[in-house]
1. Just the accessible area per residue of the chain, please: how many Å² with a 1.4 Å probe?
2. Can you show me the helix-derived [θ] at 222 nm for the chain, built from DSSP H runs with n ≥ 4 at -39,500 (n - 2.57) apiece and divided by the number of residues, rounded to the nearest 500.
3. Placing +1 at every Lys and Arg Cβ and -1 at every Asp and Glu Cβ, with all other atoms neutral, what dipole size does the chain have around its Cα centre, in debye to the nearest 20?
4. Output the direction-averaged projected area (hull surface divided by four) of the convex hull of the alpha-carbon atoms of the chain, in nm².
5. Lys/Arg Cβ at +1, Asp/Glu Cβ at -1, dipole of the chain taken about the Cα centre: which of S84, L111, G38 is farthest positive-ward?
6. Taking a ≥ b ≥ c as the square roots of the eigenvalues of the Cα gyration tensor of region 36-108, is the shape rounded (a/c under 1.5), prolate (a/b larger than b/c) or oblate?
7. Taking the highest mean first, how do the peptides 66-79, 36-49, 11-24 order by number of other beta carbon atoms within 10 angstrom per residue?
8. Could you look at region 32-123 and say what percent of its accessible area is carbon and sulfur, using a 1.4 Å probe and all protein chains?
Amino acid sequence: MNQSIVNAGTQLFGRVLMSSIFIIAGINKISGYAGTQGYMESVGVPGALLPLVILLEIGGGIAVLVGWQTRIAAFLLAGFTMLSAVIFHANFGDQMQSILFMKNMAMAGGLLFLVAGGISAWSIDAKREASA
């Protein structure tokens with residue numbers, strides 16, 4: 001099998017997996033807006049930031065999914081993911097919070113691979129670069 005097709009397909013599948021959690025989480029925040037806002041405020045995060053969180057999760061998730069401005073979107077999502085781990089999941093006395101903290105850090109690591117890895121062949125970024 002052609003290695004470039006395997007690489008492009010693997011990168012696309014990785015972007016689908018990585019982006020889906022953000023897109024779904026953003027949509028869930030819209031449907032549970034009041035609850036999410038209350039939870040944010042309960043840990044000292046202004047609820048007024050929720051629209052920005054939703055925009056980043058859905059917009060950044062879609063950008064990573066389709067490969068548009070992938071490095072920028074992945075960088076922003078990685079920062080958001082690490083910050084949310086520290087704010088919401090740093091109670092290491094609670095095993096579930098520890099697991100969520102580690103999950104967030106692992107996701108941030110995957111996103112940083114997207115930042116470093118450059119443009120995938122099957123992406124809007126690659127199409128734009130090829131036509132330039």
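1. 58
2. It comes out at -25000 deg cm²/dmol, rounded to the nearest 500.
3. 240
4. Approximately 9.3 nm², given one-decimal rounding.
5. Toward the positive end, the furthest listed residue is L111.
6. Oblate.
7. 66-79, 11-24, 36-49
8. Answer for region 32-123 is 75 percent, counting heavy atoms of protein chains only.
The values are calculated or read from the model by the stated rules, or taken from the named source; none is laboratory data. No experiment lies behind these values; they were computed from the predicted model shown. FYI the Cβ positions are ideal-geometry reconstructions off the backbone, even for glycines, and counts take in every protein chain you see. Accessible surface is based on the protein model in full, side chains and every heavy atom, while ligands, DNA and RNA are left aside. Shrake-Rupley method; radii C 1.70, N 1.55, O 1.52, S 1.80 Å.
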